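One structure is given below, encoded as structure tokens.
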Amino acid sequence: MAVKQNVKLDARRIRADFPIFEQLEEGKPLAFLDSAVSAHKPRQVIAALKDFYENSYGNVGRGVYALAERANAAYEQAREKAREFINASSPREVVFTRNTTEGLNLVAYAWGLDNLGPGDIVLASELEHHSNFVPWQEVARRTGAEFRVIPVTGEGELELDELERLAGGGRLKIIAITAVSNSLGTIVPVERLIAFAHERGAIAVIDAAQAAPHRRVDVQALDCDFLAFSGHKMCGPSGVGVLFGRAELLQKMSPFLTGGGMIRRVSVEKTTWAELPHKFEAGTPPVAEAVALGAAIDYLEGIGLEAIAAHEHELAAYALERLGELPGLTLYGPPLERRAGIVSFNLEGIHPHDVAQILDAEGVCVRAGHHCNQPLMHKLGVAATSRASFYLYSLPEEVDRLVVGLERAQKVFA
Ligand code: C6P
């Protein structure tokens, strides 16, 4: 697929790149409305993974033979693609991780354990995925810092009026915030929160798991200190993610994991660390996965992040309109203008798991559950929701099929 940037994307043509859509589910074409959990892979990415294993596979940073050097070059080229993708100023600021969760834990432990103490405030929000909530809560507990959360409104938007009070008059050390809510699709005004943190001498960590695959993320324009995302949610393979960190912070931090590949010199008396970013890449990294993530970045850039965001916006608008017509259906989340391609809902009197099972029989995949957002579910006063999420290959008729399936669920449970 080579579609020019900013041109409206052609989801039907894009689908032809994804082998998964060639098969039928329950005798019907797959209506995959669960890309927020993980996205499907185009042929180009699968081919890059296969090609690397067949022709260039080797470990990195270890061998001196030509094959190992080829593998190393491919791995570092993938890092360069990731750098460009988020506009980091140097590849030294791009650490390959396993996923968003590992990136956020890296910051929480490697930065938090050395920089937090009694009286300090760690600020997250009620919107956070457990991966950007639990590590901070745990590190605060261990260091004696105070863990606070920005509350959300009934529509799932941050109560920013509370910020000043929560910052505790100069005690704020870090804000850990998601750019897009995985349950509600809320687009969070992270620029404002980052500026707020910096004005108080604090740092800002952005969870971009639901942002980087879908819209342009520029770490220099955001001026964030750390930012994490996962390859598997952006058409890349599972097992690889990216953590951006400002070089001056990464430089000062202790490593998160220690062992092979991250040292400069080891002796009985003392160990010193490798240069950035290798200091944070202990052990054999996900080499082939990183290379294939590079191919996924090429693929997304070929289509254009702006075109992808616009396509998902149209689908979210259509879904809100169609679902809004169903009696007994409660929609959650903010208005369309501040929402990404994610729509959460409940059908009166029917558990989301039952909804998802009936939809499955129609070949429609949605996620049902708490979406790793238990504090948010608590705030919304529900145990779970059903969630439809869109990506570059999603089609409006899949929304129609979702609606038909929901009407069926209502008849079954009437
Ligand atoms: N959300 C969802 O269905 P990992 O598992 O490390 O790749 O991503 C964790 C994560 C962190 N932050 C946000 C905002 C996320 O959405 C996710 C993953 C999936 O919503 C699985 S729970």
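The values are calculated or read from the model by the stated rules, or taken from the named source; none is laboratory data. Keep in mind that what you see is a predicted model, and the values were worked out from it rather than measured. Cβ atoms come from the backbone with ideal geometry, glycine included; neighbour counts cover every protein chain shown.
Within 15 Å of the ligand (Cβ to nearest atom) and of a type outside the set (A, V, I, L, M), is that true of Gln220?
Taking the combined requirement at face value, the residue does not satisfy it.
State whether one or more residues within segment 318-333 are at pLDDT 95 or above, within 16 Å of the ligand (Cβ to nearest atom) and over 26 Å from Val190 (Cα atoms).
Looking for residues that are at pLDDT 95 or above, within 16 Å of the ligand (Cβ to nearest atom) and over 26 Å from Val190 (Cα atoms), one finds none in segment 318-333, hence no.
Among the numbered criteria (1) outside the structural domain of Ser389 (by TED's automatic domain parsing); (2) farther than 26 Å from Ala316 by Cα; (3) surrounded by fewer than 19 Cβ atoms within 10 Å (Cβ to Cβ), which one does Gly27 miss?
(1)
Any idea how many residues of segment 263-284 are in contact with a Gly (Cβ under 9 Å, 6 or more places away or on another chain) and either among the small types (Gly, Ala, Ser) or surrounded by fewer than 21 Cβ atoms within 10 Å (Cβ to Cβ) (or both)?
6
Using the structure shown, decide if Gly381 is away from the ligand (no atom under 13 Å from the Cβ) and farther than 30 Å from Pro135 by Cβ.
In short, no.
Restrict the check to segment 37-49 and report whether at least one residue is touching a strand residue (DSSP E or B) at 6+ places or on another chain (Cβ under 8 Å), within 30 Å of Leu380 (Cα to Cα) and in the same structural domain as Glu159 (by TED's automatic domain parsing).
Among the residues of segment 37-49, not one is touching a strand residue (DSSP E or B) at 6+ places or on another chain (Cβ under 8 Å), within 30 Å of Leu380 (Cα to Cα) and in the same structural domain as Glu159 (by TED's automatic domain parsing), which makes the answer no.
State all residues of segment 131-148 that are touching a Phe, Trp or Tyr at 6+ places or on another chain (Cβ under 8 Å) and hydrophobic (A, V, I, L, M, F, W, C); if no residue qualifies, say none.
Selection gives Trp136, Val139, Ala140, Phe147.
Could you say whether any residue in segment 244-266 is within 16 Å of the ligand (Cβ to nearest atom) and touching a strand residue (DSSP E or B) at 6+ places or on another chain (Cβ under 8 Å)?
yes
Which members of segment 100-127 meet the condition of being within 30 Å of Gly304 (Cα to Cα) and surrounded by fewer than 22 Cβ atoms within 10 Å (Cβ to Cβ)?
Thr101, Glu102
When Gly103 is evaluated against the numbered criteria (1) within 14 Å of the ligand (Cβ to nearest atom); (2) in contact with a helix residue (DSSP H, G or I) (Cβ under 7 Å, 6 or more places away or on another chain), which criterion, by number, is the only one it fails?
Result: Gly103 passes all but (2).
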